[in-house]
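Encoded as structure tokens, the structure appears first; notes follow it.
A short reminder: the numbers here are calculations on the coordinates, not readings from a lab. Keep in mind that this is a model prediction, so the values were computed, not measured. Positions of Cβ are generated from backbone atoms using ideal geometry, with glycine treated the same way; all protein chains shown enter the neighbour counts.
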């Protein structure tokens, strides 16, 4: 089964995601590491599915879309990063801590080229999606993180 068929059948259709695009390489194969284009609300659906309303569950409307154990493993962060300090990386997710509601709290982030970001904060049951069109501009990463910090700083329990 092709990557796009697998994604459509196993992830996108169960989540109700119908409008998406995956850029292909010169041989017509989807770029597994890049080029997936989703609407903001659909990226948020993925975040909600991962968090499962306060727990890492992988469910959407009581249907197990991704095994919970697999999500927990992928969100743990295993490689310590020197830059930025305090961050970790693994399985396409960045992890770290941020001041929120009076204490340091864990966050997870998946990101794409051009300012596409999916931030997750389990303890706050919070999903933040940022989309932008600054492809191949490295400065957008810092701007997105600053926006994330401002949004989290405004959260009240």
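For this structure, a couple of remarks:
- Failed condition for residue 71, given (1) surrounded by 19 or more Cβ atoms within 10 Å (Cβ to Cβ); (2) touching a strand residue (DSSP E or B) at 6+ places or on another chain (Cβ under 8 Å): (2)
- Consider segment 1-40 and keep the residues that are loosely packed, with under 11 Cβ neighbours inside 10 Å and free of Cβ contacts under 8 Å to residues at least 12 places away in the same chain. The one that is farthest from residue 133 (Cα to Cα) is 1.
- Filtering segment 86-115 to residues that are closer than 16 Å to residue 147 by Cα, out of contact with any helix residue (DSSP H, G or I) (no Cβ under 6 Å at 6 or more places or on another chain) and part of a loop (DSSP other than H, G, I, E, B) leaves only 114.
- Any hit, segment 67-85, residues being assigned to a strand (DSSP E or B), on the phi < 0 side of the Ramachandran plot and touching a helix residue (DSSP H, G or I) at 6+ places or on another chain (Cβ under 6 Å): no
- Count of segment 113-125 residues which are surrounded by fewer than 17 Cβ atoms within 10 Å (Cβ to Cβ) and either touching a strand residue (DSSP E or B) at 6+ places or on another chain (Cβ under 8 Å) or within 18 Å of residue 76 (Cβ to Cβ) (or both): 1
- Tabulated pairs, segment 146-157, first over 14 Å from residue 121 (Cα atoms), second surrounded by 13 or more Cβ atoms within 10 Å (Cβ to Cβ), C-beta under 7 angstrom, 6+ apart or interchain: 147/130
- All positions within segment 25-68 that are closer than 20 Å to residue 5 by Cβ and touching a strand residue (DSSP E or B) at 6+ places or on another chain (Cβ under 8 Å): 30, 31, 34, 35, 36, 37, 38, 42, 45, 46, 49, 65
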